[in-house]
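Readers should treat all values here as calculations from the given coordinates under stated rules, not as data from a laboratory. As the structure is a computational prediction, the values presented were derived from the model and not from experiment. For neighbour counting, all protein chains shown are included, and Cβ atoms are generated from backbone atoms with ideal geometry for every residue, glycine included.
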Amino acid sequence: MEMLIVVAIIAILIAIAIPTFASSLNKARIATDEANIRAGYASVMADVLTNEGENSGETGQTAKEYTLNTDGSVTAGGTAYACKGNNTDATVKVGGADVGVWQKGDGVKYSYDYATGKVTISVGDGK
């Protein structure tokens, strides 16, 4: 009888611990995604500042599109980064831009507007 009680208590503790562990794991994945999105934003700004005269509105371009790649670089093409976690918090901001929510597997795209000098970040436009 004592053995059954011990097994029942252990089962209850495991039932409580597993959802907590899964939630912590998703929070870690979201933190990784946020860090990668911030690094991509920094890369976009570095590219814009480095190539300011080449890609500006002087050449008739109004905006430039970038995609976050799996290696952390941002380019017009490449192997797109896929988000690792499911973020339901719409208050995430990077460089003053709202990022919004994302799901596991969503891609990250950036658009730099030469007229306003702002970067728009969209997550979920492609996988």
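Taking neighbour Cβ counts within 10 Å as the exposure measure, how do 88, 67 sort from fewest upward? Don't skip to the answer; put the middle values down first.
Details: 88 10, 67 20.
Fewest-to-most Cβ neighbours within 10 Å comes out as 88, 67.
Most exposed first by the Cβ proxy, i.e. fewest other Cβ within 10 Å, how do 68, 25 rank?
Numbers: 68 28, 25 12.
Fewest to most other Cβ atoms nearby, the residues stand as 25, 68.
Using the Karplus curve 6.51 cos²θ - 1.76 cosθ + 1.60 with θ = phi - 60°, what ³J(HN,Hα) values do you get for each residue of segment 19-25, in whole Hz, with x for Gly and Pro?
x, 5, 5, 5, 5, 5, 5
Taking the Cα centre of segment 2-123 as the origin, how large is its charge dipole in debye, to the nearest 20, when only Lys and Arg (+1) and Asp and Glu (-1) carry charge on their Cβ atoms? Please list the in-between numbers first.
On the way: 9 positive and 13 negative charges, 68 e Å.
The calculation lands at about 320 debye.
Just checking my list [x] 31, 15, 11; [y] 24, 15, 14; [z] 44, 12, 10 against semi-axes √(5λ) of the Cα gyration tensor in Å computed from this structure; which label fits?
Entry [z].
Taking Cα pairs under 8 Å and at least six residues apart, what relative contact order does the chain come out at, in percent? Kindly include the intermediate steps, with their values, before the conclusion.
Values: 188 pairs, mean separation 26.3, N = 127.
Contact order relative to length: 21 percent.
What FRET efficiency comes out for residue 63 versus residue 91 if R0 is 41 angstrom and r is the Cβ-Cβ distance? Round to the nearest 0.05.
Values: r = 25 Å, r/R0 = 0.62.
The pair residue 63/residue 91 has a calculated efficiency of 0.95.
So what's the gap between the Cα centers of segment 2-18 and segment 93-127, to the nearest angstrom?
45 Å
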